[in-house]
1. Run the dipole for the chain about the Cα centre, Lys and Arg Cβ at +1, Asp and Glu Cβ at -1, nothing else charged, and hand back the magnitude in debye, nearest 20.
2. What trypsin sites (Lys or Arg not before Pro) in segment 89-128 are in a loop by DSSP, with at most 11 other Cβ atoms within 10 Å of the Cβ?
3. Are there any GluC sites (Glu not before Pro) in segment 1-38 that are in a DSSP loop and have at most 12 other Cβ atoms within 10 Å? List them by number.
4. All other residues with a Cβ under 14 Å from the Cβ of LYS95 taken together, and with Lys, Arg as +1 and Asp, Glu as -1, what is their net charge?
5. In the neighborhood of LEU167, defined by Cβ-to-Cβ distances under 10 Å, what is the net charge if each Lys or Arg adds +1 and each Asp or Glu adds -1?
6. Report for segment 11-118 the percent antiparallel among DSSP-assigned beta bridges with both residues inside it, nearest 5.
7. Give me the distance in nm between label points sitting 7 Å out from Cα along the Cα-to-Cβ direction at THR79 and LEU205, one decimal.
8. Ordered by residue, what ³J(HN,Hα) values in Hz, to whole numbers, does segment 71-83 give under the Karplus form 6.51 cos²θ - 1.76 cosθ + 1.60, where θ = phi - 60° and Gly and Pro are x?
Amino acid sequence: GRVLPVTLDKTNLVAVLEDGTRVYGETTIDRRKIKPEIPIKRVYLNPAAKVFKGAAEVIAKADLIVLGPGDLYTSLVPTLLVEGVNKALHASKAKFVYVVNLMTKKGETDGFAASDFVRTLEEYLGPSRRKLTHIIVNKKTNGSQSKISAWYKRYGSIPVANDLSRLFAKPERPSYKVLAGNFSDTTTLFRHSPEKLAKAIISLL
């Protein structure tokens with residue numbers, strides 16, 4: 001495989017908190033000490049960045065596009081903020097998959113359930129109207145009462161609840177399909193099992 005940069009432009013990530021405070025820089029946002037109790041309202045790039053042509057071409061020709069798992073506001077959303085990425089996604093006929101995180105992150109996704117992660121991504125996909133086709137989500141994080149879970153909780157992280165089923169009870173049902181299962185590997189820390197996740201993704205091809 002090849003690894004391509006989404007952009008070659010020099011830019012900075014800026015987060016706007018619910019109270020209007022701005023936090024500058026990916027690392028500063030990622031390890032936020034500035035009002036960590038205030039939720040992030042939105043993020044943007046300053047200055048704007050344009051998509052690397054090679055990356056746009058690969059996206060448009062892909063058979064399968066996978067987002068995540070990864071930090072929502074400091075890894076995934078910034079990719080969608082690059083000018084031209086949404087256009088490339090819109091041009092692609094590939095299946096579009098999102099892998100929901102196993103754990104929330106303090107100062108970034110506090111209290112988020114699976115539907116909150118999906119909703120946020122859909123907001124940033126906006127203009128392209130490119131719809132997610134599949135969501136991969138963990139049914140239940142193993143060992144929720146374990147010492148590992150307690151360690152995460154001390155640092156403000158808890159398992160992400162799979163609440164996607166309630167969305168399908170509404171009149172306007174989501175168009176995406178949900179693959180729910182045990183995709184975690186908790187032998188050391190709460191992480192996705194590479195083998196289980198790969199098997200689920202490959203099954204969509």
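FYI, it's all coordinate maths here, none of it is from the lab. Note that this is a predicted model, so its numbers are computed, not measured. Backbone-built Cβ (ideal geometry, glycine too); neighbour counts: all protein chains shown.
1. Values: 33 positive and 19 negative charges, 58 e Å.
Here the chain has a charge dipole of around 280 debye.
2. Working: sites: LYS93, LYS95, LYS105, LYS106, ARG119; in loops: LYS93, LYS105, LYS106.
Within segment 89-128, the qualifying trypsin sites (Lys or Arg not before Pro) (loop, at most 11 other Cβ atoms within 10 Å) are LYS93.
3. When the GluC sites (Glu not before Pro) of segment 1-38 are filtered for loop state and at most 12 Cβ neighbours within 10 Å, GLU18, GLU37 remain.
4. Numbers: positive: LYS61, LYS93, ARG130, LYS131, LYS177; negative: ASP63.
With Lys, Arg at +1 and Asp, Glu at -1, the neighbours total +4.
5. Numbers: positive: ARG119, ARG166, LYS170, ARG173; negative: ASP163, GLU172.
Charge balance in the 10 Å sphere: +2.
6. Working: 9 of 14 bridges.
About 65 percent, rounded to the nearest 5.
7. About 1.8 nm, to one decimal.
8. Per residue, the Karplus-derived 3J(HN,Hα) values read 4, 4, 8, 10, 10, 7, 4, x, 4, 6, 7, 6, 4 Hz.
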